[in-house]
């Protein structure tokens, strides 16, 4: 059997299924989670969708009330657990990883090249633009008819992980899938507006702070934001996630880096490449991972120390 057939067989014979997405969720992991979860419910499965972190406000349009479980509400005793879009098992969060490891059978579906294969069944395809592409393939294999409840999260998954179809991971197959979802009734303008055009005034104040700190060090452009600044502006942490989009717009750079303080001595670092520079290699030096053009890592130290460590390491990667 192919890996898709193996996963299909395991899901079909299971009753209680846990789906997990990674911490600091993005459009791909959340969209993949919702699409697969709703599909399995159509088959009569008892499905629990778990996300350890707060959902960014600009992605809330995809959610139905009470659809996701948090640390306080999560159940146990699952037949199978599925990790989605998580390049490393630690990205599932502390409780998420505990739940994943404690389940009888574990499936790992992802498109990050750095994924080490931490499940019993591992379906990892780095050539896919988004995990959402793989989830659609699985939904088709399960014989489930697409509708808007599946099409919207799938389109969002692909749209966000390709930067609105602007990144180099956008393929002809990606565009064919997007066209199929649009034919289903998905409205690209509506999703684009939800993600990019409904920002509160204080969002632009946060951008202003980050823009004022843009620093060029050789071929590296970097900036940073502090948790206190995000909180004082009444924003959720997801507001800082889009800073890499702006940082990588800088002309004549190889690498764009954004340092985001999530809590004291806990810094999330987002990396983007504008050249042949492999940011996944840089991320792996700190236990992170991702793609050649887009990667991330966590440093449990002060913001100042995180900037120092990453910049020093960045100059060692060719």
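Which residues, taken from region 289-318, are free of Cβ contacts under 8 Å to residues at least 40 places away in the same chain and within 20 Å of residue 23 (Cβ to Cβ)? Reasoning before the result, please.
Start the filter on region 289-318 by keeping residues that are free of Cβ contacts under 8 Å to residues at least 40 places away in the same chain, which leaves 296-302, 304-305, 308-309, 312-313, 316.
Across region 289-318, the qualifying residues are 296, 297, 298, 299, 300, 301.
The single condition from (1) surrounded by 21 or more Cβ atoms within 10 Å (Cβ to Cβ); (2) over 13 Å from the mean Cα position of the chain (by Cα); (3) at pLDDT below 95 that residue 35 fails is (3).
On inspection, residue 184 fails the criterion of being in contact (Cβ under 8 Å) with a residue 60 or more places away in the chain, within 27 Å of residue 63 (Cβ to Cβ), touching a helix residue (DSSP H, G or I) at 6+ places or on another chain (Cβ under 7 Å) and surrounded by 14 or more Cβ atoms within 10 Å (Cβ to Cβ).
Selection of region 1-22 for residues being surrounded by fewer than 21 Cβ atoms within 10 Å (Cβ to Cβ) and closer than 15 Å to residue 69 by Cβ yields only 16.
Hey, among 147, 79, 140, which residue is over 25 Å from residue 181 (Cβ atoms), surrounded by fewer than 24 Cβ atoms within 10 Å (Cβ to Cβ) and at pLDDT 95 or above? Steps first, please.
Values: 147 fails: over 25 Å from residue 181 (Cβ atoms); 140 fails: over 25 Å from residue 181 (Cβ atoms).
That would be 79, the only listed residue that is over 25 Å from residue 181 (Cβ atoms), surrounded by fewer than 24 Cβ atoms within 10 Å (Cβ to Cβ) and at pLDDT 95 or above.
Every listed requirement among (1) surrounded by 18 or more Cβ atoms within 10 Å (Cβ to Cβ); (2) under 15 Å from the mean Cα position of the chain (by Cα); (3) free of Cβ contacts under 8 Å to residues at least 60 places away in the same chain is met by residue 109 save one, (3).
All conditions but one from (1) closer than 20 Å to residue 304 by Cβ; (2) part of a loop (DSSP other than H, G, I, E, B) apply to residue 199; the one that does not is (1).
Going by the conditions given, is residue 65 assigned to a loop (DSSP other than H, G, I, E, B) and either in contact with a strand residue (DSSP E or B) (Cβ under 6 Å, 6 or more places away or on another chain) or in the same structural domain as residue 238 (by TED's automatic domain parsing) (or both)? Steps first, answer last, please.
Values: assigned to a loop (DSSP other than H, G, I, E, B): yes; either in contact with a strand residue (DSSP E or B) (Cβ under 6 Å, 6 or more places away or on another chain) or in the same structural domain as residue 238 (by TED's automatic domain parsing) (or both): no.
So residue 65 fails the test.
Based on what the data block shows, is residue 190 farther than 17 Å from residue 294 by Cα, in the same structural domain as residue 140 (by TED's automatic domain parsing), crowded, with 16+ Cβ neighbours inside 10 Å and within 23 Å of the chain's Cα centre (by Cα)? For residue 190, the condition - farther than 17 Å from residue 294 by Cα, in the same structural domain as residue 140 (by TED's automatic domain parsing), crowded, with 16+ Cβ neighbours inside 10 Å and within 23 Å of the chain's Cα centre (by Cα) - is not met.
The selection criterion, being under 20 Å from residue 174 (Cβ atoms) and modelled with pLDDT of 95 or more, does not hold for residue 44.
Kindly check whether there is at least one residue in region 14-26 that is out of contact with any helix residue (DSSP H, G or I) (no Cβ under 8 Å at 6 or more places or on another chain) and either outside any strand (DSSP E or B) or at pLDDT below 90 (or both). For region 14-26, residues out of contact with any helix residue (DSSP H, G or I) (no Cβ under 8 Å at 6 or more places or on another chain) and either outside any strand (DSSP E or B) or at pLDDT below 90 (or both): present.
The values are calculated or read from the model by the stated rules, or taken from the named source; none is laboratory data. Everything numeric here is computed off the predicted structure, so don't read it as measured data. Methodologically, a virtual Cβ is constructed for each residue, glycine included, from the backbone with ideal geometry; neighbour enumeration extends over all protein chains shown.
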